[in-house]
Amino acid sequence: MRLTIACIGRLKSGPEADLIDDYLKRATASGRGLALAPCEVVEIDERKAKDPAAQSARLLEAVPSGAVTAALDERGRTLTSPEFADLIARDRDNGAPASVFRIGGADGHDRALRQAANHTLSFGPMVWPHMLAR
């Protein structure tokens, strides 16, 4: 099963882009034995889609036929790492050719994209380092 992250925004070259490339290579290599490869990122230029509705339309277009989709959204379900792995394995075992994880812009996804998603997931509240020092 192909794994794709479709996101609003383009990452500039630099250390973060190098890390992402490294993780994608590692995920593709280790995923082959689990029938979870290739792993890729599809970036959508936010200058061409400025509001959540336009961004969601572009994200909806980025999905191959038959793919299982997940909207990454603060209103979604928070999973543990084992639960997340089980979710991906279940989709793979049910015959999905691809799984696409959609990351919206600064204002999130619009309702249509959330409703079209097979899963709506949240990675929990963001905790910044300065908050931990309190």
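The values are calculated or read from the model by the stated rules, or taken from the named source; none is laboratory data. The structure displayed is predicted, hence computed values, not measured ones. Note: ideal-geometry Cβ built from the backbone for every residue, glycine included; neighbour counts use all protein chains shown. All accessible areas refer to the heavy atoms of the entire protein, side chains included, with ligands and DNA or RNA removed. Shrake-Rupley method; radii C 1.70, N 1.55, O 1.52, S 1.80 Å.
One table, with the values for the structure above:
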quantity: Set of aspartates and glutamates near Lys25 by C-alpha distance (under 19 Å), chain-local residues within fewer than 8 positions excluded; calculated: Glu16, Glu40, Glu43
quantity: Accessible area in square angstrom per residue, segment 33-78, 1.4 angstrom probe; calculated: 58
quantity: Helix-only CD estimate at 222 nm, as mean residue ellipticity for the chain, using -39500 (n - 2.57) per DSSP H run (n ≥ 4); calculated: -11000 deg cm²/dmol
quantity: Size of electric dipole in the chain: Cβ of Lys, Arg +1 and of Asp, Glu -1, about Cα centre, debye, nearest 20; calculated: 80
quantity: Binned Cα-Cα distance frequencies in the chain - 5 Å width, integer %; calculated: 2, 10, 17, 21, 22, 17, 8, 3, 1, 0
quantity: Distance in nm between pseudo-label sites at Glu16 and Asp86 (7 Å out along the Cβ direction from Cα); calculated: 3.3
quantity: Antiparallel bridge percentage (DSSP; both residues within the chain; nearest 5); calculated: 5
quantity: More than 17 Å apart - percent of Cα-Cα pairs taken over segment 54-111; calculated: 44
quantity: Computed lengthening from Ser65 to Ala29, 0.36 nm per intervening residue step minus Cα-Cα distance; calculated: 10.5 nm
